[in-house]
Amino acid sequence: MPQGPYGELASALEGASSRALVLSALACIHRASAVLVAAGAVDGSDAPFSEDSLAELGRLDDVGAVLRAVVSRQQGLAAHSADPETGELPEESERAELLAMASEMVLRAGLDTAVSSLREWSDFCSSLSGDIAQLLDAMGLPAVEEYGSRSPSPYEEIAPLPAWEIFTQLEILRIADERDALSRVSDLSTALRRELATIASEAVGD
């Protein structure tokens, strides 16, 4: 029986190389950071939050250097995350949920370069990226409706925005280990990030 897109994504992550896992996680942060930038929670000119940051960090051959770059940006993001003991958010709102999910991708990054740790982090980022897209889709935003009218879902059973998030993740994992893949990975993520920037400004912008 053929796998659905969620099953395909789980299988792709399970079989991904260290390089592909890191690129996938970086790309999820790259897209989700549109939420953080729109809310004024981070400086949009800094990696891993800038539009060019995926290409910038992806050029680093040392996985440890990539992780250090992400970890160095954790300061200040804990203010947006859920309380580790109670699970409560700073406030009860969809805005707070979006900020918490986008922040947690960066906060969950560590310095362990073992493939098992990279897979856990990448899987976490993958899930939260999908959750962000689903929450944005559920908010009834005009920007999401407009996006859906221009970009029909590639998966019949999934709404356009979360569907394109899944599709983008799958494509990145599919090509990540190919020669000269970085520019294509960056282009894929940037195309969706630009759409998310417009949507996020409506969802969380002041």
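The values are calculated or read from the model by the stated rules, or taken from the named source; none is laboratory data. These figures come from a predicted structure and were not determined experimentally. Counting neighbours? That spans all protein chains shown, and the Cβs are built from the backbone with ideal geometry, glycine included. These accessible areas exclude ligands, DNA and RNA; they are computed on the full protein's heavy atoms, side chains included. Shrake-Rupley method; radii C 1.70, N 1.55, O 1.52, S 1.80 Å.
Tabulated data
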| item | result |
| --- | --- |
| Given (1) open to solvent by less than 20 Å² (accessible area, probe 1.4 Å); (2) touching a Ser or Thr at 6+ places or on another chain (Cβ under 9 Å); (3) over 19 Å from residue 35 (Cβ atoms), index of the condition residue 181 fails | (2) |
| Test result for residue 163, under 17 Å from residue 203 (Cα atoms), at pLDDT 95 or above, open to solvent by less than 30 Å² (accessible area, probe 1.4 Å) and not polar (S, T, N, Q) | no |
| Inter-residue pairs, beta-carbon under 7 Å, first under 18 Å from residue 47 (Cβ atoms) and charged (D, E, K, R) and in region 11-32, second assigned to a helix (DSSP H, G or I) and at pLDDT 95 or above, 6+ apart | 31/129; 31/189; 31/192; 31/193; 31/196 |
| Condition met for residue 50 (of a type in the set (Ser, Thr, Tyr), within 15 Å of the chain's Cα centre (by Cα) and not in a helix (DSSP H, G or I)) | yes |
| Counted residues, region 35-60 - those being charged (D, E, K, R), closer than 18 Å to residue 74 by Cβ and in contact (Cβ under 8 Å) with a residue 24 or more places away in the chain | 1 |
| Residue 33 vs. criteria outside any loop (DSSP other than H, G, I, E, B) and either of a type in the set (Gly, Ala, Ser) or in contact with a Gly (Cβ under 7 Å, 6 or more places away or on another chain) (or both) | yes |
| Selection within region 69-122 - in contact with a His (Cβ under 7 Å, 6 or more places away or on another chain) and under 18 Å from residue 46 (Cα atoms) | 99, 103 |
| Candidates 60, 89, 141 - the one that is in contact with a helix residue (DSSP H, G or I) (Cβ under 9 Å, 6 or more places away or on another chain) and modelled with pLDDT of 95 or more | 141 |
| Filtered residues of region 92-128 (kept if surrounded by fewer than 22 Cβ atoms within 10 Å (Cβ to Cβ), closer than 12 Å to residue 32 by Cβ and hydroxyl-bearing (Ser, Thr, Tyr)) | 127 |
| Lone qualifier among 87, 44 - being over 17 Å from residue 20 (Cα atoms) and under 16 Å from the mean Cα position of the chain (by Cα) | 44 |
| Flag if residue 169 is of a type in the set (S, T, N, Q), modelled with pLDDT of 95 or more and open to solvent by 70 Å² or more (accessible area, probe 1.4 Å) | no |
| Failed item, numbered, when residue 38 is tested on (1) touching a Ser or Thr at 6+ places or on another chain (Cβ under 6 Å); (2) modelled with pLDDT under 95 | (2) |
| Any helices (runs of 4 or more DSSP H) falling wholly within region 72-187 and containing at least 2 residues that are within 21 Å of residue 51 (Cβ to Cβ), of a type in the set (Gly, Ala, Ser) and touching a residue at least 40 places away in the same chain (Cβ under 8 Å) | 94-107, 115-138 |
